[in-house]
Amino acid sequence: QSTLKERLADLIPAEIENVKATRAAHGKKSFGPVIVDQLYGGMRGLPALIWDGSVLDADEGIRFRGKTIPECQELLPKAPGGSEPLPEALFWLLVTGEVPTQEQVATLSKEWAARSAIPEFVEEILDRCPPTLHPMSQFSLAVTALNHDSAFAKAYAAGISKKEYWGPVFEDCMDLIAKLPNIAGRIYRNVYGGGKLPAIDAEKDYSWNLATLLGFGDNKEFVELMRLYVTIHSDHEGGNVSAHTGKLVASALSDPFLAFGASLNGLAGPLHGLANQEVLVWLRKMQSKLGENASDEAVKEYVWSTLKAGQVVPGYGHAVLRKTDPRYMAQREFALKHLPDDPMFKLVAQVFKIVPDILLAAGKAKNPWPNVDAHSGVLLAHYGLTEMQFYTVLFGVSRAFGVSAQLIWDRALGAPIERPKSYSTAAIQKMFANK
Ligand code: NMX
Ligand code: MLT
């Protein structure tokens, strides 16, 4: 059975030909006009990037290499006795487009365990961070510092041929993913206590190790949650801030650590990944104001007061989606199965019934439905991971899977440096002066 790298080496020549043929057949075809509003409007809907791991449909949500979340839950290998997909399997799928065997997944778990140690100086960087520094800033510092040992940066300095770029980029991406549990675990324990970091167990899967390093490995349900969590947060096509930033930075041939460090800085924004922290902060404030078992009327009033204060309702809306995010639904299913009576889950479910109508009535948001972040925090909190500022770190661990898969392909396919064209308002006025 081939390893992931061997399988990739088999797939790359055919994909290079596939892209050549696609460009020869369709290269001069148009997606339609670009309008000035798109330049001012955050490039919404502008077709601009190639991203192979996943494609997002506005109504249906994400498909990883053509597979929906329920299909991934059904088809991807699971841990013995588990029912959620293993993120190792999802990574294999994102990279190759193929469903791996149980054995290939086990090999990947072992390989990541073997690569998991972080350099001592990175441990020291983390240990020196004040606990008041946001966990996402600490995370980004540590990932950026891993560039010290980048195989790609070294190979480039030694004069590697363009055709060979993908090999050391693959090695860096494998190292990046493998080292994240040690980084996340160290940040968590430094900031919130919990004692010495245990060692990675090479006989266990990635999510078991991640959960254990955070201090929750004894709880089988939490380990299952991590498997689901990492899988569904891994990738959301290429235009979101973290994915696009990683692709952009890597297009300058910055190595995967520098590129993904930049991704994390984007993920740390409240309109993107930090929203999962913001949702729980918002729910807790609501709970402390209204008490438990608040009436629908009281919740409605609270939602309106958020909007009237000029704030967004965190966890609702999306730049692309126009229906409830299937990642929200996957987490809701998990909650219904494992924690149906959790009071905070009940509040999340109550808010789900109330917020869309209010956002519709307010008339601004193009999508009134919940996104992934509306549900993640309540699941983590249920198992005792109550430190909300840490939540986006787990999103970041997951997003490394999707960004890495694309960076490997970008270098295999010789993707060029990104350099779109910008215009000033004066230039636009001049261009359309008499039109
Ligand atoms: N609450 C209140 N107002 C909203 C919301 C919301 N949840 N969503 C959109 N709007 C407003 C938005 O601020 C904008 O107002 P204005 O014209 O005054 O600037 C207007 O509705 C139109 O925005 P849209 O075109 O619907 O949304 P856009 O594509 O610009 O932004 C989000 C998408 C996700 C940034 C936006 O819906 C939002 O801020 N949601 C809350 C934060 C959140 O949950 N982010 C997480 C997204 C998922 N992730 O993990 O990254
Ligand atoms: C994501 O997972 O990146 C978010 O849903 C944001 C997006 O897709 O724009």
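In segment 1-157, how does Rg compare with the Kirkwood Rh, expressed as the Rg/Rh ratio over alpha carbon atoms?
On the way: Rg = 20.5 Å, Rh = 19.8 Å.
Expressed as Rg/Rh, it is 1.03.
Whole-Hz Karplus values for segment 349-355 come out as 5, 5, 4, 4, 6, 9, 5 Hz, taken residue by residue from phi with 6.51 cos²θ - 1.76 cosθ + 1.60 and θ = phi - 60°; glycine and proline positions read x. In units of the compact-protein estimate 2.2 N^0.38 Å, segment 173-219 shows a Cα radius of gyration of 1.08.
All alpha carbon pair distances within segment 265-400 were sorted into 5 Å bins beginning at 0; the resulting P(r) in whole percents reads 2, 10, 21, 25, 23, 14, 5, 1, 0.
If I take R0 = 45 Å and measure r between the Cβ atoms of S137 and D341 in this structure, what FRET efficiency does the formula 1/(1 + (r/R0)^6) give, to the nearest 0.05? Don't jump to the answer; show the numbers that get you there.
Values: r = 36 Å, r/R0 = 0.81.
Working from the Cβ atoms, E equals 0.80.
Backbone amide hydrogens, once placed in the peptide plane, bring Y316 within less than 5 Å of N371, excluding anything fewer than 5 places away on its chain. Computed 3J(HN,Hα) for segment 287-304, one whole-Hz value per residue from the Karplus formula 6.51 cos²θ - 1.76 cosθ + 1.60 where θ = phi - 60°, is 5, 6, 7, 9, x, 6, 6, 5, 6, 4, 4, 5, 5, 4, 4, 5, 5, 4, glycine and proline marked x. Across segment 168-173, computed HN-Hα scalar couplings (Karplus, 6.51 cos²θ - 1.76 cosθ + 1.60, θ = phi - 60°) run x, 5, 4, 4, 5, 5 Hz from first to last residue, x flagging Gly and Pro. Contact order for the chain, expressed relative to its length and based on alpha carbon pairs under 8 Å spaced 6+ residues apart, stands at 21 percent. Evaluating kT/(6 pi eta Rh) at 25 °C and 0.890 mPa s, with the Kirkwood radius of segment 150-275 over Cα pairs in the Stokes-Einstein relation, gives 151 µm² s⁻¹. A simple spin-label model places pseudo-atoms 7 Å from Cα toward Cβ; at I35 and L49 they are separated by 2.3 nm. Taking label positions 7 Å along the Cα-Cβ direction at both S288 and I12, the computed distance is 5.3 nm, reported to one decimal.
Give the whole-number value, in cubic angstrom per residue, of the convex hull volume spanned by the C-alpha atoms of the chain.
Details: hull volume 72.5 nm³, N = 435.
Here the figure is 167 Å³ per residue.
Taking a point 7 Å from the Cα of L75 along the Cα-to-Cβ direction, the residues of segment 229-243 with backbone N closer than 20 Å to it are 229-238.
Work out, step by step, the length gained on full extension between K163 and K364: first 0.36 nm times the residue separation, then minus their alpha carbon distance; give nm to one decimal. The partial results should precede the final answer.
Details: separation 201, 0.36 × 201 = 72.36 nm, distance 4.84 nm.
That works out to 67.5 nm of additional length.
Quick note: the coordinates plus some simple rules give every number you see, no bench work behind them. These figures come from a predicted structure and were not determined experimentally. Cβ atoms come from the backbone with ideal geometry, glycine included; neighbour counts cover every protein chain shown.
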